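The values are calculated or read from the model by the stated rules, or taken from the named source; none is laboratory data. In this text, all values refer to a predicted model and were calculated from it rather than measured experimentally. Don't worry about glycine lacking a Cβ; one is built from the backbone with ideal geometry, like all the others, and counts go over all protein chains shown. Keep in mind that these areas ignore ligands, DNA and RNA; they rest on the heavy atoms of the full protein, side chains included. Shrake-Rupley method; radii C 1.70, N 1.55, O 1.52, S 1.80 Å.
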Amino acid sequence: MENCDTLIRNALVLDGSGAEPASATSDVAIDGGRIRAIGKLSNYNSRNVVDAQGMALCPGFIDVHTHDDTNVVRTPEMLPKLSQGVTTVIVGNCGICAAPVRLDVKSTPPDPMNLLGVNEDFHYPNFASYVDAVNAARPAVNVAALAGHTSLRNNHMDRLDRTATAAEIRGMQIDLQDALDHGALGLSTGLAYLNAISATTEEVIALAEPLAAAGAIYTTHMRSETETVLQAMDEAFRIGKESKVPVVISHLKCAGVDNWGRSGEVLQALESARSKQSVGCDCYPYAAGSSTLDLRQVDERVKITITWSEPHPEVGGKTLAEIAELWGKTQKDTARELQPAGAIYHSISEEDMRRILQHPATMIGSDGLPNDPMPHPRLWGTFPRVLGRYSREHGLFPMHVAVHKMTGLPASRFGLADRGLIREGNRADLVLFNPQSVRDVATFENPKQPAAGIAAVWVNGVLSYKDGAATGERGGCFVARQSIH
Ligand code: ZN
Ligand code: CU
């Protein structure tokens, strides 16, 4: 008899590759934090035997788009993610990251870095200090990180409403190279935001120069997701081509009522780029976005919920229309008075979102905002929603394809070499879920609710979540860039 740390028996193994399950049920042996064997393991035994009773076992979900940068250290339980079956979060998206960041003691983090925390939450002047902090905190999920363009700009520029000088770009490059040397996955931008929009394409291309040699990646919250979305996609592809790196378009969508119905065009542009260079995208499974409140997105035809407001915390949870009515002001003027603030914009069409979600190049990223007092439900619901609502109920794709979009596909795209697939020797990041009952429970009205149907979650072989509750054991660590396929 062979002994192992944990033995999972009778599981329907969806291995993350996108292939149909090889057999009705298999056993999986875990030992030393890795997957030791897969198959009919009658010769194995363990002190920890779990009978899966035919439930689905798949690689832990990789949340490719998060803003958990400071939370993985401050709230290492990471329950919003762990309870969904997420075992790895990628932080540093949309141009904002916690490291390397050097803020003056009294300054407030520039928009939208304020989504990540307050001034005191940023104490990682270089990337290595962040890696150390993550490993010391031992969060419940693994953490991989991008360096953010807006954060780098803020380290080197006196003002952000202009493009960077050659000397400033050089300074940012040194920060970026240092982050890459310590395992960063690549560079993200958030060119739509006012603190990055003045950066020229050339600024980004120049900054991106160290990526190729490192085998790193470029991800972008594009300059536009509205009228000029196609031009913004071209800009992203050009940056990828000239920098010779793979591109991931973050939270691909057609935002704004006037752009509803354009998902066909947008996906065609993605397709045509994909035939020439390495391009992918991620998407969250909701017809509403969320970020800081942006005056440019105020539109009377769109329902906008204010989730927080620094000068007017009492309006949290009310719609902008309600507040405007109450104050006897236009929505624009009201929004101006609420700043700085956070918002949920119901500005996406469900049909467009489903089409993008269904595309084979699309990975799943929550874009959840963990510091929001009234967060968009994607923070707690994204992955079970893709499995339950969009795979099982609406049949957008079979369950094994849904799993691939959140495991094998992101692992290969981001260079997480020994994760994302159930293979002998890979890290034992695993989720056991009930394919008949898995579903998101979080709603816009009541967003902080764990999903249903997640039976167990292992992170690096550590049983971290079971029967609706965290076990209290945390197995996560910092994950450095390995290779791009
Ligand atoms: Zn974004
Ligand atoms: Cu984001």
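Working out 0.36 nm times the residue gap between Gln277 and Glu424, then minus their Cα-Cα distance, what length gain in nm do you get to one decimal?
49.8 nm
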Under a 5 Å amide H to amide H cut-off, with H placed in plane at 1.01 Å, what residues pair with Asn126 once short-range neighbours are removed? Val101
per DSSP, antiparallel bridges as share of beta bridges in the chain, % nearest 5, sits at 50 percent
0 to 90° range, to nearest 10: angle between helix 127-137 axis and the chain longest Cα axis: 50 degrees
For region 291-379, just run the numbers: alpha carbon Rg, then divide by 2.2 N^0.38 Å, N being how many residues it has. 1.19
In debye to the nearest 20, how big a dipole does region 294-342 give about its Cα centre with +1 on each Lys and Arg Cβ and -1 on each Asp and Glu Cβ? 140 debye
Loop sites in region 186-283: trypsin sites (Lys or Arg not before Pro), DSSP, at most 12 other Cβ within 10 Å: Lys276
If r is the Cβ-Cβ distance from Lys244 to Glu473 and R0 is 41 Å, what FRET efficiency results, to the nearest 0.05? 0.45
Pull up all non-local amide H partners of Ala37: gap of 5 or more, or a different chain, and H-to-H distance under 5 Å with H placed in the peptide plane. Ala29
What is the distance in Å between the Cα centroid of region 264-326 and that of region 1-72? 36 Å
Calculated from DSSP helices alone, with each H run of at least 4 adding -39500 (n - 2.57) and the total divided by the residues of the chain, [θ]222 nm to the nearest 500 comes to -7500 deg cm²/dmol
Gln436 paired with Glu310, simple spin-label distance in nm, labels 7 Å along Cα-to-beta-carbon: 5.2 nm
Nearest 10, in degrees from 0 to 90: the angle of helix 229-243 to the longest Cα principal axis of the chain is 70 degrees
Taking the Cα centre of region 294-342 as the origin and placing charges on Cβ (Lys, Arg +1; Asp, Glu -1), which of Gln331, Pro313, Gln297 is farthest toward the positive end of the dipole? Gln297
Solvent-free Debye scattering, log10 I(q)/I(0), computed from the Cα coordinates of region 294-342 at q = 0.16, 0.26, 0.30, 0.33 Å⁻¹: -0.33, -0.97, -1.33, -1.59
Cα centroid separation, region 347-397 to region 128-155 (Å): 25 Å
Step through the residues of region 372-380 one at a time and calculate ³J(HN,Hα) from phi using the Karplus curve (6.51 cos²θ - 1.76 cosθ + 1.60, θ = phi - 60°), rounding each to whole Hz and writing x for Gly and Pro. 7, x, 10, x, 3, x, 4, 4, 10
Note to self: with every protein chain in place and a 1.4 Å probe, region 294-342 gives an accessible area per residue in Å² of 54 Å²
With Cα coordinates, the longest principal axis of the chain makes an angle with the long axis of helix 166-181, in degrees rounded to 10, of 10 degrees
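Counting Lys and Arg as +1 and Asp and Glu as -1, each charge on the Cβ, what is the dipole of the chain about the Cα centre in debye, to the nearest 20?
In debye, rounded to 20, the chain gives about 880.
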With a point put 7 Å past each Cα toward its Cβ, work out how far Thr200 is from Glu322 in nm, to one decimal. 4.7 nm
Normalised contact order of the chain, rounded percent, pairs of Cα under 8 Å and 6 or more residues apart: 20 percent
Can you tally the net charge around His123? Count Lys and Arg as +1, Asp and Glu as -1, for every other residue whose Cβ sits under 14 Å from the Cβ of His123. -3
